[in-house]
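The values are calculated or read from the model by the stated rules, or taken from the named source; none is laboratory data. Bear in mind that the values here come from a model prediction, so they are computed numbers and not experimental data. Ideal geometry is used to build each Cβ from the backbone, glycine not excepted, and the neighbour counts take in all protein chains shown. Accessible surface areas use protein heavy atoms only, side chains included; no ligands, DNA or RNA. Shrake-Rupley method; radii C 1.70, N 1.55, O 1.52, S 1.80 Å.
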Amino acid sequence: MSSVQYEKDQDNIVHLILDKPNANANLMDQEFTDSLVEAVEKLENDDWSGVLFRSAKSTFFAGGNLDDLYATTRENAHVLHEMVDRLKVAMRKLETSGKPVVACINGAALGGGWELALACHHRIALSKGVTLGLPEVTLGLLPGGGGVVRMSRLLGLQAALPFLTEGRQFKPEQGKKLGLIDEIVESPEQLVESAVAWIKANPKAQQPYDVKGYKVPGGTPNHPALAKMLPIAPAMMRDKTKGTLPAPESILSVMVESLQVDIDSAMRIETRYFVELVCGQVSKNMIGTFWYQLNEIKAGAARPKGVEPSKVAKVGILGAGMMGAGIAYSSACKGIEVVLKDVSVENAEKGKAYSQKLLDKKVSKKRLSAEQRDATLARILATDKAEDLAGCDLIIEAVFEDRGLKAKVTQEAEAQLAPEAIFASNTSTLPITGLAEASERPEKFIGLHFFSPVDKMPLVEIICGEKTSDETLAKSYDFVLQIGKTPIVVNDSRGFFTSRVFGTFANEGMAMLGEGIPAAAIENAAFLAGFPVGPLAVTDEVSMTLVEKIRNQTIKDLQAEGKPYPAHPADAVVDRMLEANRPGKAAGAGFYDYPANGKKHLWSGLQECFGGKAEFDLGELKDRLLYIQAIETVRCVEEKVLGSVRDANIGSIMGIGTPVWTGGILQFINQTGLPEFVARAEVLADKCGERYAVPALLKDMAKDGLTFKD
Ligand code: NAI
């Protein structure tokens, strides 16, 4: 069966109807390629006056088949290469046929779908429900179906950059302003009517770049203005990617190279870079994690089966501080009624004002109407009365990190709750099982660990205490998805998964400083490894007062369990910084100085405190930051804090800042190779200490030739 139906209407116009058999979306795969090639051959032997592409699905066209791309290796890459060549030749034949070809875009046209539309002479889109763009770069790929070549020629190098190197998506309105969409209509019927009318009015059609004398906007790379910019463009890109992401670099190369040759050569250049990226490790990492694993999470992989789906209509939030205010905002934006409680109405109002600030900003940027803002704000009740919590389906506690206080607010809230309501703590460090002791219904008690700033951070770490029921977990999972965030599920442990692994990263940076390694080298090693922030900067954000507080609590807890505290070289660094009265960013002084009117910079006193003249190997510093996270993650797997590889990978990237190119922290071990990872960790353990000791689980897996997978 064909993926493209060929129908000719009474006006001698051929409708190429995109309709992949037995699928709910159209894909750019072998089947489609065969079908399109066949359709184009048929057109070559037929008499017709125009072609219109339309979709029989609710979306126009979904893009490349990721299953095929994921399975492509260097050994079988020629199959993909040939397919892409055939596809491009067919699209090129259509656009150079001399007769009009129109795309009727009825729904999302992303990736391959937008590339197909670009190969048409005229693009008409429905006003609603259509998203356009080339998001390939977000999976470590480039648009290999002519997308880079055509966008660069149509928009010009500079204007096309964000759509290609960042994968920026756009709506028809914006597409029209860019000149990429020609008409916007209101109904599917109008799509076809307008297409037919345009074909009749334009019996001859050519792509602008095929018209003799066409000038690419902004010029080709040898235009003086561009020639000045081009030498610095790779450096600017490197500044962002630190050389860890090959896709944006390849895209830039294709853009520049393709604009200097004829279009057929340009297409060949694009295909070669595309196939190279498909075969590379980074796209495998990114597709594996951001496509397969993230989709599994969204589909409820860790959600207990057999529990009815649920929705939260009203949420109570205790504590209107930084976290409580953020959770209130995220909930209210999704239509949930919020009771925001603090010790005084004034405090609670301050928390609500945070939502006002964020919403006002959206209104000023025209991303929200004033009515929508007011309706969202009206959903938040700022109060100091526990009685207002009555009727809540879920309570989230975000008061100070203090066991006694948390116990008190738990009991106060529970007194107001219906029997089926559940209670969550947003603690960042305190074990949930212990906190649940204050509850009358520990099976309805759970941890919901949000990240700061809540409105921007996509992850929520769900922590099950010993007594947390499946039903409570399922309800919490549903809530996290309801507010548009990504849940990972972990078991109880000091620091759970994310704080624990994050702590090893921050501590390792401080340990390096204590060894006399220059602070700038430490921070740069983190950037070059692909971390978004350096370990010293991030410790400043958290504040060393808090680090010390957590350490003291840990010492106390371990003492109570009769266990020794494993001293860390970072401890002395924290103590020295606190002694110097430099606890972090909030105080305006930490590892960095924070001048009122300038950019932060490393504190000049660091050398005096820690030396800063030791020899170092940059590669080793990068390895240390990655390996220490990876080893702690394996410990979490060994101790069953983590139950799945996908949660480790997604949680590490979205919650901890593990570099995106790795595809997550366990995938980092996979791609290194388990035996190779073990060997390197042993070298680091000899040099830096026991904290690099390889967990038995990892040694066994390496011996047995296993990798981390669910
Ligand atoms: P915060 O200090 O900004 O806010 C705490 C709020 O709780 C204050 O407004 C305080 O007035 C209020 N409060 C105190 N007693 C109360 C009571 N009896 N009833 C109602 N409200 C009361 O603290 P933040 O940063 O928002 O942290 C809150 C919780 O979230 C802590 O457990 C913290 O460990 C956790 N957390 C913090 C993260 C962060 O990045 N700051 C990240 C993840 C979790």
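Of note:
- Strands (runs of 3 or more DSSP E) contained in region 1-104 and holding at least 1 residues open to solvent by 30 Å² or more (accessible area, probe 1.4 Å) and over 16 Å from L116 (Cβ atoms): 4-8
- Single condition G351 does not satisfy, out of (1) more than 15 Å from the ligand (Cβ to nearest atom); (2) in a helix (DSSP H, G or I); (3) buried (at least 18 other Cβ atoms within 10 Å of the Cβ): (1)
- Within region 515-526, residues that are over 18 Å from T241 (Cα atoms) sit with their Cβ atoms under 8 Å from residues that are open to solvent by less than 10 Å² (accessible area, probe 1.4 Å) and not in a helix (DSSP H, G or I), at 6+ positions apart or across chains, in these pairs: A519/F591.
- Scanning region 385-401 for residues that are within 15 Å of the ligand (Cβ to nearest atom) and in contact with a strand residue (DSSP E or B) (Cβ under 8 Å, 6 or more places away or on another chain) gives K385, A386, D388, L389, C392, I395, I396, E397, A398, V399.
- When region 296-322 is filtered for residues that are away from the ligand (no atom under 16 Å from the Cβ), open to solvent by 60 Å² or more (accessible area, probe 1.4 Å) and of a type outside the set (K, R), the ones remaining, listed by number, are E296, A299, G306, E308, P309, A313.
- Residue that is most open to solvent (accessible area, probe 1.4 Å) [pool: residues in region 327-345 that are more than 6 Å from the ligand (Cβ to nearest atom) and out of contact with any strand residue (DSSP E or B) (no Cβ under 7 Å at 6 or more places or on another chain)]: K334
- Filter result for L558 (on the phi < 0 side of the Ramachandran plot, buried (at least 18 other Cβ atoms within 10 Å of the Cβ) and part of a helix (DSSP H, G or I)): no
- None of I522, I517, I555 is over 35 Å from the mean Cα position of the chain (by Cα), among the hydrophobic types (A, V, I, L, M, F, W, C) and more than 16 Å from the ligand (Cβ to nearest atom) except I555.
- The single condition from (1) free of Cβ contacts under 8 Å to residues at least 40 places away in the same chain; (2) open to solvent by 20 Å² or more (accessible area, probe 1.4 Å); (3) in a helix (DSSP H, G or I) that V678 fails is (2).
- Test: E461 is farther than 25 Å from C333 by Cβ, touching a helix residue (DSSP H, G or I) at 6+ places or on another chain (Cβ under 6 Å), within 11 Å of the ligand (Cβ to nearest atom) and at pLDDT 95 or above: no
- The residue list A570, A614 contains one member that is assigned to a loop (DSSP other than H, G, I, E, B), closer than 15 Å to E515 by Cβ and either at pLDDT 95 or above or open to solvent by less than 30 Å² (accessible area, probe 1.4 Å) (or both), which is A614.
- Checking region 419-431 against the condition returns no match, with no residue being over 30 Å from P532 (Cα atoms) and near the ligand (Cβ under 10 Å from one of its atoms).
- Residues in region 633-662 that are part of a helix (DSSP H, G or I) and within 12 Å of the chain's Cα centre (by Cα): N649, I650, G651, S652, I653, M654, G655, V660, W661.
- When A474, A506 are screened for being modelled with pLDDT of 95 or more, in the same structural domain as M577 (by TED's automatic domain parsing) and not aromatic (F, W, Y), only A506 passes.
- Of the residues making up region 354-384, just one is farther than 23 Å from Q482 by Cα, within 16 Å of the ligand (Cβ to nearest atom) and among the polar types (S, T, N, Q), namely T383.
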